[in-house]
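Here's the structure, in structure tokens; my notes come after.
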Amino acid sequence: MLDPARVDLAELVTALDDRTPEVEWFIDPATGRIVPVIPEAVCGEPEPDVEGWVAIAPTSARDGYQDMADFTAGVQHRRAAELLDRALNGRGAFRRFKNTLFDFPEVRDQWFRFRDARARRRALDWLVGAGLVTGEDAALAATAYPDPEPENEDLPAVVAVELAAAYGDRLSQVLLVGPWASGEGSVESPLELLVVLGELDSPWTELRRIDEVLWRHTERSGITVCAYPVSQAALSRPVEPWLVRARAEAVRLR
């Protein structure tokens, strides 16, 4: 039996994923060495001697599709999750999934880590199935490749912290309102915040002050982040209907 540490799992993953018609992959059961075999007529080079080696058949595309579905289920970026879920429907899912990720660099990096962990564990399972390593050794080696934890971020809390830093003592409260506060928000729902200030001269001046914070988090998260500056006095005795509703449903963040 081979020690899994002797096998280049990255190369085995490449072999298992390779569906090139002219290429066959083999692994030496004694050393764990992996080589591609290409007909001499195609590459112009002599074929390596792989007598007694084990052929590596490519894995099913269903495994890759399941990886994409499992990853999408854990994506925290709401807009990315919606678009990736759409990409998985129908023919051409692999291409659409890949193209969608180009618009979300942070999510793409998470996908690469997730895919690599899944592929390496699948390679270890293949070694067990081929009778080259023991199940116990493979299970131990697989512990080094867990699925990465989803990058859970409490977006309202993060934005509230930055608003508090921007305003200092002028800030009385940051309140979460709208669909996110009621728990009825959808992927398209904006994140709405009441920025309650001790004194307020012009809401428009305050919006210009915090525009960079709101836009940066909107661009990064894919969720429209909105803020409504109000004075503490106006919130204490609301007159406008929207502010009455907002006060009734608000969840305090700061």
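Quick look at the values:
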| read-out | value |
| --- | --- |
| Any chance residue 45 is surrounded by 14 or more Cβ atoms within 10 Å (Cβ to Cβ), of a type outside the set (A, V, I, L, M) and at negative phi | no |
| Residue 62 farther than 18 Å from residue 119 by Cα and out of contact with any His (no Cβ under 7 Å at 6 or more places or on another chain) | no |
| Yes/no for residue 25 being surrounded by 18 or more Cβ atoms within 10 Å (Cβ to Cβ), over 31 Å from the mean Cα position of the chain (by Cα) and on the phi < 0 side of the Ramachandran plot | yes |
| Subset tally (residues that are touching a strand residue (DSSP E or B) at 6+ places or on another chain (Cβ under 9 Å) and either open to solvent by less than 30 Å² (accessible area, probe 1.4 Å) or among the hydroxyl-bearing types (Ser, Thr, Tyr) (or both)) for region 4-22 | 6 |
| Strands (runs of 3 or more DSSP E) contained entirely in region 1-62, each with at least 3 residues that are of a type in the set (A, V, I, L, M) and under 27 Å from residue 142 (Cβ atoms) | 54-56 |
| Subset of region 1-11 (residues that are of a type in the set (A, V, I, L, M, F, W, C), over 9 Å from residue 124 (Cα atoms) and under 25 Å from the mean Cα position of the chain (by Cα)) | 10 |
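Matching residues to (1) part of a loop (DSSP other than H, G, I, E, B); (2) open to solvent by 60 Å² or more (accessible area, probe 1.4 Å); (3) touching a residue at least 40 places away in the same chain (Cβ under 8 Å); (4) not β-branched (Val, Ile, Thr):
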position: 67; (1), (2), (3), (4): no, no, yes, yes
position: 73; (1), (2), (3), (4): no, yes, no, yes
position: 76; (1), (2), (3), (4): yes, yes, yes, yes
position: 85; (1), (2), (3), (4): no, yes, no, yes
position: 95; (1), (2), (3), (4): no, yes, no, yes
position: 100; (1), (2), (3), (4): no, no, no, no
position: 103; (1), (2), (3), (4): yes, yes, no, yes
position: 107; (1), (2), (3), (4): no, no, no, no
position: 115; (1), (2), (3), (4): no, yes, yes, yes
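The values are calculated or read from the model by the stated rules, or taken from the named source; none is laboratory data. Values in this document were obtained by computation on a predicted structure and should not be read as measured data. All Cβ positions, even for glycine, are placed from backbone atoms using ideal geometry, and neighbour counts span all protein chains on display. Just so you know, the surface numbers come from the protein's heavy atoms only, side chains and all, with ligands and any DNA or RNA stripped out. Shrake-Rupley method; radii C 1.70, N 1.55, O 1.52, S 1.80 Å.
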